[in-house]
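Participant: Take a look at this one; I'll ask things after.
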Amino acid sequence: MVDTNEQWTVKQARALYELPLTELVFRAQSTHRDHHPPDAVQLCTLLSVKTGGCAEDCSYCPQSARHGDVEAEPLLDVEEVLARARAAKSSGATRFCMGAAWRRARGGADFERVLAMVRGVRSLDLEACVTLGMLDADQALALAEAGLTAYNHNLDTSKEFYGEVITTRSFEDRLDTLSKVSGAGIRVCSGGIIGMGESVGDRLGLLVTLANLEPRPESVPINALVPVAGTPLGDRPRVDPFDLVRMCALARLMLPKATVRLSAGRSELSREAQLLCFMAGANSIFYGDKLLTTGNPDTADDLALLRDAGLRPMRADECAADEHAAPSPTPRASA
Ligand code: SAM
Ligand code: DTB
Ligand code: SF4
């Protein structure tokens, strides 16, 4: 196995990707057990706090004003969001993730409202994650002060394929936002999507970039494209579940301590395919009937899947964010 302090190369990643799937899953499961409880899956609930009307042109996304047919809605009220967070907690989630269809986080009253959402979610003893688009350094510090656990900002794909998917902001913009996030002491959640027409090399390039980030992401969402009618990628064929298993296994081997999140696309996955992803080291799912705008399996089905497989929801005290505590944020006053 490659020393985790070394920089990963695409060649090393490809050698893993090309292993027989049984061997790859075996290795990934062995690494998983060195760092994580073998039977626990973190349940995270997602809520779109600002839906639709986004200025970006991400080809996969139904919330882009350029091609999506999702109605634009205003930012939700804090109380409504907290009611949803309380419900998520009582149904077993330990992390609450809030997404906004923004190119970059809005300033002013909208940002203050997001800070109040973060403080409120943290006061419920839930992990809080937000994804608001690009951030500046002051916004990152304010989110850190509000107690944000992690900021989600996906690289989505390789640097080389990125321009085929998004033209309105660059791969470097994404890396810049991630460095603002980690610079403020907030944990980085960053992953990608497969099934957009990228090559295996692009998938490996994405994982190599993520694994070589300093600090490494503590959370890596692996999304299978949900093809949405009306988006440029609406006609893409379904992802081969084995490819998703391989991505989970590589993410586990290349980022051993991270929480690997089996994210969008589970509605199309059989229970057996999801179980293979768990064997390959995925240890989190989005839990709730909806992702941001598209469907997700029923919570009852997810609980039955875990129960039938002898797995269990991860307890709050086991979550990786506590185990791998990030440095304290720089106090705003002294920044
Ligand atoms: N606007 C913010 C941004 O893009 O950073 C946050 C919200 S955005 C919807 C969050 C992530 O959802 C995207 O980076 C992408 O990885 C994922 N996503 C969006 N649409 C998807 C789809 N149709 N299938 C799979 N993943 C999708
Ligand atoms: C991530 O990587 N996947 C989630 C979360 N982070 C924000 C979002 C998936 C969105 C799928 C399409 C939709 O529901 O609009
Ligand atoms: Fe906007 Fe995010 Fe959708 Fe891109 S992925 S169009 S930035 S909401």
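Participant: Answer with yes or no whether T259 is among the polar types (S, T, N, Q), away from ligand 2 (no atom under 11 Å from the Cβ) and in contact with a Gly (Cβ under 9 Å, 6 or more places away or on another chain).
Facilitator: no
Participant: Then there is this: Looking at R238, R246, R261, can you tell me which residue is more than 15 Å from the chain's Cα centre (by Cα), surrounded by 19 or more Cβ atoms within 10 Å (Cβ to Cβ) and of a type outside the set (A, V, I, L, M)?
Facilitator: R246
The rows are residues; the columns are (1) among the charged types (D, E, K, R); (2) farther than 19 Å from Y287 by Cα.
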{"site": "E56", "(1), (2)": "yes, yes"}
{"site": "H67", "(1), (2)": "no, yes"}
{"site": "P74", "(1), (2)": "no, yes"}
{"site": "E79", "(1), (2)": "yes, yes"}
{"site": "A83", "(1), (2)": "no, no"}
{"site": "R86", "(1), (2)": "yes, no"}
{"site": "A93", "(1), (2)": "no, no"}
{"site": "A100", "(1), (2)": "no, no"}
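Participant: Among (1) within 17 Å of the chain's Cα centre (by Cα); (2) not in a loop (DSSP other than H, G, I, E, B), which single condition is A273 missing?
Facilitator: (1)
Participant: I want to confirm something. Restricting to segment 166-205 and keeping residues that are part of a helix (DSSP H, G or I) and among the basic types (K, R), which single residue is nearest to T9 (Cα to Cα)? Walk me through how you get there before you give the answer.
Facilitator: Start the filter on segment 166-205 by keeping residues that are part of a helix (DSSP H, G or I), which leaves 171-183, 200-205.
Add one more test, that the residue is among the basic types (K, R), and what stays is 174, 180, 203.
Numbers: R174: 21, K180: 25, R203: 13 Å.
Filtering segment 166-205 for residues that are part of a helix (DSSP H, G or I) and among the basic types (K, R), the one nearest to T9 (Cα to Cα) comes out as R203.
Participant: Quick one: would you say D110 is away from ligand 2 (no atom under 15 Å from the Cβ) and either part of a loop (DSSP other than H, G, I, E, B) or at positive phi (or both)?
Facilitator: It is false that D110 is away from ligand 2 (no atom under 15 Å from the Cβ) and either part of a loop (DSSP other than H, G, I, E, B) or at positive phi (or both).
For (1) more than 13 Å from ligand 1 (Cβ to nearest atom); (2) assigned to a helix (DSSP H, G or I), each residue gets a yes or a no:
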{"position": "W8", "(1), (2)": "yes, no"}
{"position": "L19", "(1), (2)": "yes, no"}
{"position": "L24", "(1), (2)": "yes, yes"}
{"position": "H32", "(1), (2)": "yes, yes"}
{"position": "Y60", "(1), (2)": "no, no"}
{"position": "H67", "(1), (2)": "no, no"}
{"position": "A93", "(1), (2)": "yes, no"}
{"position": "M98", "(1), (2)": "no, no"}
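Participant: Looking only at segment 1-51, how many residues end up being surrounded by 13 or more Cβ atoms within 10 Å (Cβ to Cβ) and either closer than 21 Å to L204 by Cα or free of Cβ contacts under 8 Å to residues at least 40 places away in the same chain (or both)? So that I can check it myself, show each step before the final result.
Facilitator: Keep residues of segment 1-51 that are surrounded by 13 or more Cβ atoms within 10 Å (Cβ to Cβ), which gives 2, 4, 8-10, 12-14, 16-17, 19, 21, 24-32, 35-37, 39-51.
Filter again for either closer than 21 Å to L204 by Cα or free of Cβ contacts under 8 Å to residues at least 40 places away in the same chain (or both), leaving 2, 4, 8-10, 12-14, 16-17, 19, 21, 24-32.
Residues in segment 1-51 being surrounded by 13 or more Cβ atoms within 10 Å (Cβ to Cβ) and either closer than 21 Å to L204 by Cα or free of Cβ contacts under 8 Å to residues at least 40 places away in the same chain (or both): 21 in total.
Participant: Could I ask something else about it? Take V114 and decide whether it is modelled with pLDDT of 95 or more, more than 19 Å from S219 (Cα to Cα) and within 16 Å of ligand 3 (Cβ to nearest atom).
Facilitator: Answer is yes for this residue.
Participant: Have a look at E145, E172, E198 and point out the one that is without any contact (Cβ under 8 Å) to a residue 24 or more places away in the chain and of a type in the set (D, E, K, R).
Facilitator: Working: E145 fails: without any contact (Cβ under 8 Å) to a residue 24 or more places away in the chain; E198 fails: without any contact (Cβ under 8 Å) to a residue 24 or more places away in the chain.
Answer to the selection: E172.
Participant: Filter segment 216-235 down to the residues that are surrounded by fewer than 22 Cβ atoms within 10 Å (Cβ to Cβ) and more than 16 Å from the chain's Cα centre (by Cα) and list them by number.
Facilitator: P227, V228, A229, G230, P232, L233, G234, D235
Participant: Is it fair to say R266 is at pLDDT below 95 and either of a type in the set (K, R) or touching a strand residue (DSSP E or B) at 6+ places or on another chain (Cβ under 6 Å) (or both)? Steps first, answer last, please.
Facilitator: Details: at pLDDT below 95: no; either of a type in the set (K, R) or touching a strand residue (DSSP E or B) at 6+ places or on another chain (Cβ under 6 Å) (or both): yes.
In short, no.
Participant: Kindly check whether there is at least one residue in segment 37-54 that is touching a Lys or Arg at 6+ places or on another chain (Cβ under 9 Å), more than 24 Å from P297 (Cβ to Cβ) and assigned to a helix (DSSP H, G or I).
Facilitator: No, every residue in segment 37-54 fails to be touching a Lys or Arg at 6+ places or on another chain (Cβ under 9 Å), more than 24 Å from P297 (Cβ to Cβ) and assigned to a helix (DSSP H, G or I).
Participant: Now a separate question. Quickly run through segment 151-160 and pick out the residues that are on the phi < 0 side of the Ramachandran plot and buried (at least 20 other Cβ atoms within 10 Å of the Cβ).
Facilitator: Within segment 151-160, Y151, N152, H153, N154, L155, T157, S158 qualify.
Participant: Can you find, within segment 49-100, the residue that is nearest to N223 (Cα to Cα) among those that are among the polar types (S, T, N, Q) and away from ligand 3 (no atom under 15 Å from the Cβ)?
Facilitator: Restricting to residues being among the polar types (S, T, N, Q) and away from ligand 3 (no atom under 15 Å from the Cβ), the top hit is T94.
Participant: Could you say which residue among G120, G163 is assigned to a helix (DSSP H, G or I), surrounded by fewer than 22 Cβ atoms within 10 Å (Cβ to Cβ) and more than 15 Å from ligand 3 (Cβ to nearest atom)?
Facilitator: G120
Participant: In segment 210-234, what residues are within 16 Å of ligand 1 (Cβ to nearest atom), touching a helix residue (DSSP H, G or I) at 6+ places or on another chain (Cβ under 7 Å) and not hydrophobic (A, V, I, L, M, F, W, C)?
Facilitator: Of everything in segment 210-234, just one residue is within 16 Å of ligand 1 (Cβ to nearest atom), touching a helix residue (DSSP H, G or I) at 6+ places or on another chain (Cβ under 7 Å) and not hydrophobic (A, V, I, L, M, F, W, C), namely P217.
Participant: Can you pull out every residue in segment 302-315 that is surrounded by fewer than 13 Cβ atoms within 10 Å (Cβ to Cβ) and part of a helix (DSSP H, G or I)? Break it down stepwise before answering.
Facilitator: Going residue by residue through segment 302-315, those that are surrounded by fewer than 13 Cβ atoms within 10 Å (Cβ to Cβ) are 307-308, 310, 315.
Passing the criteria: R307, D308.
Participant: Follow-up. Take S30 and tell me if it is within 13 Å of L292 (Cα to Cα) and out of contact with any Ser or Thr (no Cβ under 6 Å at 6 or more places or on another chain). Working first, answer last.
Facilitator: Values: within 13 Å of L292 (Cα to Cα): no; out of contact with any Ser or Thr (no Cβ under 6 Å at 6 or more places or on another chain): yes.
Considered against the rule, which asks whether it is within 13 Å of L292 (Cα to Cα) and out of contact with any Ser or Thr (no Cβ under 6 Å at 6 or more places or on another chain), S30 comes out as no.
The values are calculated or read from the model by the stated rules, or taken from the named source; none is laboratory data. Remember, it's a predicted structure, so these values are computed and weren't measured experimentally. Note that each Cβ is placed from the backbone with ideal geometry, even for glycine, and that neighbours are counted across all protein chains shown.
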